[in-house]
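See structure below.
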Amino acid sequence: MEAGQRDYDLLVIGGGSGGLACAKEAAQLGRKVAVVDYVEPSPQGTRWGLGGTCVNVGCIPKKLMHQAALLGGLIQDAPHYGWEVAQPVPHDWRKMAEAVQNHVKSLNWGHRVQLQDRKVKYFNIKASFVDEHTVCGVAKGGKEILLSADHIIIATGGRPRYPTHIEGALEYGITSDDIFWLKESPGKTLVVGASYVALECAGFLTGIGLDTTVMIRSIPLRGFDQQMSSMVIEHMASHGTQFLRGCAPSRVRRLPDGHLQVTWEDCTTGKEDTGTFDTVLWAIAPHISACLPTTVGHARKQRRYQ
C-alpha cells in the first residue's frame, strides 16, 4: 500500500506514558493517529487498563500506598503532640486497595477520553508486524484486523521478570504487576531483589505494619551511589524492614497450611536456610519487550506485543 493510501499517518504500539504522549502530540499537529495497546495478563492473572506501567502498576499506586504508610507513621506520632489516639491502629488492606484501584481505573478512563478528544483511534488488541508499514491485530473474538501506517512507533516498555530457574518461582510468586491489585493483604512478605522497585515495595509494606524481609544477593540499588544506598538500607532497617544479605533463593514450596516455604543459600558459606512467608514478591531485573516482523498467515506462531 502506497503512502497516502494507508490507514494512518502514525501508529503507536503501546499505551503507556511514552506511547500516549507521542500519539497525542502527533494528533495535535494534525496527523491521523492510532494507538494499539493490550495488557498480557501476568502469570497470576492480573491485568489492567490503558496507561502503562506508571499508571497501573508503578508510580501512581505506589505513591498512594506510600501515602497510606506515611499516614500510619503520623498516627503513631500524634500522641506526642497531644492527640489522644488509641494504639495500635489497625490497617485495612482491602479498603486501601479498593480506593487505589478505583483511582487507577478512573485514570484509565481519563486516558481513553483524552485520546477520543484528540481524535486518536484506540485499539485494545494485540499487535504484531506483518511488514514495515502494517501490523496485524487480534481482537477478543479472535478476528484479525490489519492496520497500516506511514510510520509505526514501538513503545511497549517492559514487564517484571520471573527467575524461572528457581523451583516454584512462577507458581507461587508475584511481581509488581500483582502487588497493587491484590484484594487481600499480602501478609508476611519476602521481597527478593534490591532494585528501587524492591525497596519501594518493601518500604510501604513495612509502613502499613506488615512483616517484611528483603533478600539481597549482592549489593542494593546497583548503579546508584552506594553511600546513599547504604543510608537507604539503614533507614529502612531502623523502621522495621528486615534484610537477608548475601543470600539467593533456590526453591519455593507451598505448605499444607497454605504458607510458602522459601529455601535459600548463603552465598558466602554455601549453607542452606529456610523461612516461611505468606507472599514472595520477585523484584529482579525487568524483561524488556521486543518486536520482530512476522507473517499474517500463522497467527498461532506469531509473536505478539502490547
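Remark: accessible surface ordering of V138, V104 (largest first) is V138, V104, probe radius 1.4 Å. In this simple spin-label approximation, T269 and Q44 carry label points 7 Å from Cα along the Cα→Cβ vector, and these lie 3.1 nm apart. With θ taken as phi - 60° and the Karplus curve 6.51 cos²θ - 1.76 cosθ + 1.60 applied, the whole-hertz 3J(HN,Hα) list for the stretch 111-127 is 5, 5, 5, 4, 5, 4, 4, 8, 6, 8, 7, 10, 10, 8, 9, 6, 9 Hz, x standing for glycine and proline. Whole-Hz Karplus values for the stretch 265-274 come out as 10, 6, 5, 8, 9, x, 7, 9, 8, 9 Hz, taken residue by residue from phi with 6.51 cos²θ - 1.76 cosθ + 1.60 and θ = phi - 60°; glycine and proline positions read x.
Taking amide H as placed 1.01 Å from N in the peptide plane, Y8 has its amide H under 5 Å from the amide H of S148, A149, D150, each at least 5 places away in sequence or on another chain.
Between D211 and Q242, the modelled label-to-label distance comes to 0.6 nm, taking each label 7 Å out from Cα in the direction of the beta carbon.
Of all DSSP-defined beta bridges confined to the stretch 7-156, some 45% are antiparallel rather than parallel. How far is the Cα center of the stretch 61-92 from the Cα center of the stretch 113-143, in Å? A separation of 45 Å, based on Cα centres. Residues whose amide H lies under 5 Å from that of S185, counting only those 5 or more places away or on a different chain, are R94; hydrogens are built 1.01 Å from N in the peptide plane.
Each residue of the stretch 197-202 is assigned a 3J(HN,Hα), and the resulting list reads 5, 4, 6, 5, 5, 4 Hz, derived from the Karplus form 6.51 cos²θ - 1.76 cosθ + 1.60 (θ = phi - 60°), x at Gly and Pro.
Of all DSSP-defined beta bridges confined to the chain, some 50% are antiparallel rather than parallel. Name the longest site-free stretch of the chain, where the excluded sites are GluC sites (Glu not before Pro) in a DSSP loop with no more than 10 other beta-carbon atoms within 10 Å. That gives 185-306 as the longest site-free run. Among beta bridges from DSSP that stay inside the stretch 169-286, the antiparallel ones total about 50%. Normalised by the number of residues in the chain, the mean separation of alpha-carbon contacts (under 8 Å, six or more apart) gives a relative contact order of 22 percent. Each of G168, A86, G72 was placed along the dipole of the chain (beta-carbon charges, centred on the mean Cα), and the one lying farthest toward the positive end is G168. Normalised by residue count, the stretch 133-248 yields a Cα convex hull volume of 176 Å³ per residue.
Each Lys or Arg adds one and each Asp or Glu subtracts one; over the other residues with Cβ under 10 Å from the Cβ of D273, this totals -2. Share of pairwise Cα-Cα distances greater than 22 Å in the stretch 7-156 is 51 percent (whole percent).
The values are calculated or read from the model by the stated rules, or taken from the named source; none is laboratory data. Small disclaimer: the values here were computed from a predicted structure and weren't measured. No Cβ is skipped: glycine too gets one built from the backbone with ideal geometry, and neighbour counts run over all protein chains shown. Please note that ligands, DNA and RNA were not included when accessible areas were found on the heavy atoms of the full protein model with its side chains. Shrake-Rupley method; radii C 1.70, N 1.55, O 1.52, S 1.80 Å.
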